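First the structure, in the form of structure tokens, and then the observations on it.
The values are calculated or read from the model by the stated rules, or taken from the named source; none is laboratory data. Just so it is clear, the structure is predicted and the values come from calculations on it, not from any experiment. With ideal geometry, Cβ positions are generated from the backbone for all residues, glycine too; neighbour counts draw on all protein chains shown. Note: accessible area is taken over every heavy atom of the protein model, side chains too, but ligands, DNA and RNA are not part of it. Shrake-Rupley method; radii C 1.70, N 1.55, O 1.52, S 1.80 Å.
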Amino acid sequence: MINANTFRLDGRIALVTGSSAGIGKALARGLAQAGASVILNGRDRHKLEATRAQLTSEGLAVQARAFDVTDADNAATAVDAIEREIGAIDILINNAGITRRAPFQDLQREQWREVMSTNLDSIFYVGQAVSRHMLTRKRGRIINICSVMSELARPTTAPYTATKGALKMLTKAMATDLSPHGINVNGIGPGYIKTELTQALVDDPTFSNWLIARTPSRRWGEVEDLMGAAVFLASDAANFVNGHILYVDGGVTATL
């Protein structure tokens, strides 16, 4: 029977990487509003603490753990500490990500490796560390934050597009390996969302007008638009949803 409790996350612990601002912060807020106890993650301790304090002031159950998701040993140690000191991680949202823009022919190797490390390697490191604990319990939810650029490209976005395309397929591969053990793995593909990182594009009339005309919903996305998708995929309502990428993009991937 479907009812409001089907979408509740009471009693569950969620780790959201890259959650001191932007999309990650909104996803953390959404899970906490649905009843989860949320662990924020980022590298900037001061920014992380400010976000924790804000969400706590809203009456939400939130803690913070600063660690570098691009460092395999650091990530594994941090996950083990969370499991030992806070409790079993029921939900993992792999959200940490960056972009570096340049024409393909002008990209620096350091830029390529930085984006690969943050957007792809970190999902492997944190996902593997968390899933090993989930495997012992035969349950869990992992949600990887993909992108419309898992399907489409734009000029000057080669490393970002490459990582998000790879993440789409990594999500499917993770589901294939982990699902027989009770762990559901899915992705969310945000479209163009207003955040601190996209504010320059929002403020660019040429780009913004083009995007709005290109999007069937005729607007930019808001970070709040992603919260329902995350709660759904983390909840019992998505028990039979596996290896799926849920695009929350206003229809960008549906039309030319």
Quickly run through segment 3-28 and pick out the residues that are in contact with a Leu (Cβ under 7 Å, 6 or more places away or on another chain), within 25 Å of Asp236 (Cα to Cα) and surrounded by fewer than 23 Cβ atoms within 10 Å (Cβ to Cβ).
-> Ala26
Residue in segment 130-141 that is within 18 Å of Ile23 (Cα to Cα) and at pLDDT 95 or above present | no
Of (1) on the phi < 0 side of the Ramachandran plot; (2) over 15 Å from the mean Cα position of the chain (by Cα); (3) not polar (S, T, N, Q), Val126 satisfies every one except (2)
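To keep it simple, each residue is scored yes or no on (1) of a type in the set (Ser, Thr, Tyr); (2) over 14 Å from the mean Cα position of the chain (by Cα).
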{"position": "Gly189", "(1), (2)": "no, no"}
{"position": "Thr198", "(1), (2)": "yes, yes"}
{"position": "Leu211", "(1), (2)": "no, yes"}
{"position": "Ser217", "(1), (2)": "yes, yes"}
{"position": "Met227", "(1), (2)": "no, no"}
{"position": "Leu233", "(1), (2)": "no, no"}
{"position": "Phe240", "(1), (2)": "no, yes"}
{"position": "Gly251", "(1), (2)": "no, yes"}
What pairs come up if the first residue lies in segment 10-30 and is in contact (Cβ under 8 Å) with a residue 60 or more places away in the chain and closer than 15 Å to Asp44 by Cα, the second is open to solvent by 30 Å² or more (accessible area, probe 1.4 Å) and not in a helix (DSSP H, G or I), and their beta carbons are under 7 Å apart, counting only those six or more places apart or on different chains?
-> Gly18/Gly97
For segment 41-157, list the helices (runs of 4 or more DSSP H) that sit wholly inside it and hold at least 2 residues that are under 20 Å from Thr176 (Cβ atoms) and either open to solvent by 10 Å² or more (accessible area, probe 1.4 Å) or in contact (Cβ under 8 Å) with a residue 40 or more places away in the chain (or both); which are they?
-> 122-137
Give me the pairs: first residue in segment 163-175 and without any contact (Cβ under 8 Å) to a residue 40 or more places away in the chain and under 18 Å from Leu152 (Cβ atoms), second residue small (Gly, Ala, Ser) and buried (at least 20 other Cβ atoms within 10 Å of the Cβ), beta-carbon distance under 6 Å, and six or more apart or on different chains, which are they?
-> Gly165/Ser150
Report yes if some residue within segment 226-238 is farther than 30 Å from Met174 by Cα, touching a Ser or Thr at 6+ places or on another chain (Cβ under 9 Å) and at pLDDT 95 or above; otherwise report no.
-> no
If a residue has to be in a loop (DSSP other than H, G, I, E, B) and under 15 Å from Asn95 (Cβ atoms) to count, how many in segment 31-40 make the cut?
-> 1
